[in-house]
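Bear in mind that the values in this text are calculations on the coordinates, not laboratory data. Model, not experiment: these values are computed from the prediction. Counting neighbours? That spans all protein chains shown, and the Cβs are built from the backbone with ideal geometry, glycine included.
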C-alpha cells in the first residue's frame, strides 16, 4: 500500500508556497516540485470569451496526488487550511502575474484577476459553469491578454486546465525539524548552566548562583502558554520536548525568567514561527509555539533584549 503524505507550508524566508500558475494540457509531477496530477485536473472554463477570462480550480483540498520520486511511489495531499493559506500567500506576495505554459515557458499578458475559496459548492458561482468542486477549493479567474496563447492554445484546446507551481514540505519532516530546534535550545540551556556553575565554583565554592530575572512579560504571554498546555493535553501531550513543557508552565505561572531564558525564548520563537498556524490548533508546530508564549512572547522578548542592550 502506497503511503499518503500531507504537505504543508513552511514560510521560512518566504521560499515555500505557490509561486506561479501554469496553463497546461496534462498537468505533471516533477521531483521536488508540486503540480496537479493528470487525474487531479479540473478543466477550466472560458468564463467570458469576449473578455478572455478563464476560470478553474488551482488547488483542491484532501485530494490525493500521485508522485514518483526516484522509483518511490506515494501520494500527497493538502488540507483545507493549507489550501487557504497558500491562496492568501500567493496574492500577498504579488504573484498574480506569474504564469507559465506547461511549467516551462514564462508567459506575459496573463494574470489572475479573481481568487476565492469555495465555501458552499451549491451556492458558489462555480455551479453556474457546471464545475462540481468540494468545499475549500481554491478557485481563480485568469485574464488572457496574449493573442498567441488565446488563439493557438486556449481556443484550440491545447491547454485545458490550471496547474500550480511551488514548494511545500512533508508535515512529519517539518515536525521533526521543530523538535530539533527545541533540542538545540535544551542543550544550550544545560551547557550554559554547567558553565555558570563551574565559573562560580572557581570564584567562590559556597557562593549562591543568582541570575537577573524578570516577570514583566504581558498577560498575553501567560495566556498563550496556558492555551498551549491545554491544547497539548487535549492531544495527549505528544507535542514539545520536556524543555518546552517546562517553559510553558513557568510562563503560565508568571514566574521570573532570566536574561538567558529571554534570549533563548527569542531565538526559539524566531525560528519556530514558521511552523505556527493559527487555524490548526492540533498541529505540534502551533502548540509548541504557544507553549513558549507565542507571538506576544516573541515581541516582548525582542523588546526586552533591546532594552537591556542584548540585541
Review point. Points 7 angstrom from Cα along the Cβ direction at residue 122 and residue 212: gap in nanometres?
Key: 6.5 nm
Check your understanding: If each of residue 148 and residue 237 carries a label point 7 Å out from its Cα toward its Cβ, how far apart are those two points in nm?
Key -> 6.4 nm
Check your understanding: Please report, for the Cα atoms of segment 89-170, the Rg to one decimal and the Dmax as a whole number; what are they, in angstrom?
Key -> 14.1, 40
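Quick check on packing: order 284-292, 155-163, 56-64 by the mean number of other C-beta atoms within 10 Å, highest mean leading.
Details: 284-292: 27.0, 155-163: 17.7, 56-64: 20.9.
For the peptides 284-292, 155-163, 56-64, the packing ranking is 284-292, 56-64, 155-163.
Order of 264, 227, 255 from fewest to most other C-beta atoms within 10 Å? All intermediate terms of the calculation are to be shown ahead of the outcome.
Numbers: 264 22, 227 18, 255 11.
Taking fewest neighbouring Cβ atoms as first place, the list is 255, 227, 264.
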Study note, to complete from the structure: Expected sort for 242-253, 104-115 on mean C-beta neighbours within 10 Å, highest first, is 242-253, 104-115
